[in-house]
Amino acid sequence: MNFLNKLKLKVEKLKQEIQVLSIAYSDPRTPWTAKLLIGLTVGYLLSPIDLIPDFIPVLGILDDLILVPLLITASIKLIPKQVILEARLVALKNPKRMKKNNWVVAFFILFLWSIIIYSLFTYFQGKTRYF
């Protein structure tokens, strides 16, 4: 199996785990700490805006390659095994396609970037002749 096929399989498994996390989130046996991390994870994954934009060389892709798998793995470790197994069965029986339309998280990310840009602007104001 070549590299591209392996990558496609990993992406497909990742998509299934997102649905599993969504199902486990609604289970009453899932602890609140897991629900908090699941909410952040799924919210970030379904946000139409990345925390680090993909057009930034190297850093833009790091969140997809490192941050997302870490969030998913940490979320799964906080969920009881029985809940995960049942959620995986439900996900296999009823596969759904999840869309990137979480505008609440997108707004938060835009707000965060606005604060960073404003802070940089005020920091450099008066220190350079451009501002």
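The values are calculated or read from the model by the stated rules, or taken from the named source; none is laboratory data. What you see is a predicted model, and the numbers here were worked out from it, not measured in a lab. FYI the Cβ positions are ideal-geometry reconstructions off the backbone, even for glycines, and counts take in every protein chain you see. For the accessible areas, the whole protein counts, side chains as well, though only heavy atoms, and no ligand, DNA or RNA atoms are used. Shrake-Rupley method; radii C 1.70, N 1.55, O 1.52, S 1.80 Å.
In the complete set of protein chains, residue-level accessible area for residue 66 is approximately 90 Å², probe 1.4 angstrom. Note on residue 26: accessible area is roughly 90 Å² with a 1.4 Å probe, heavy atoms of protein only.
Qualifying chymotrypsin sites (Phe, Trp or Tyr not before Pro) in segment 24-79, where qualification requires a DSSP coil assignment and no more than 16 other C-beta atoms within 10 Å, comprise 55.
Residue separation times 0.36 nm, minus the C-alpha to C-alpha distance between residue 13 and residue 118: what's the value?
That pair, residue 13 and residue 118, stretches by 33.9 nm at full extension.
Ordered by 1.4 Å accessible area with all protein chains kept, 104, 20 run largest first as 104, 20. Maximal additional length on extending the residue 94-residue 111 stretch stands at 2.6 nm, based on 0.36 nm per residue less the C-alpha distance.
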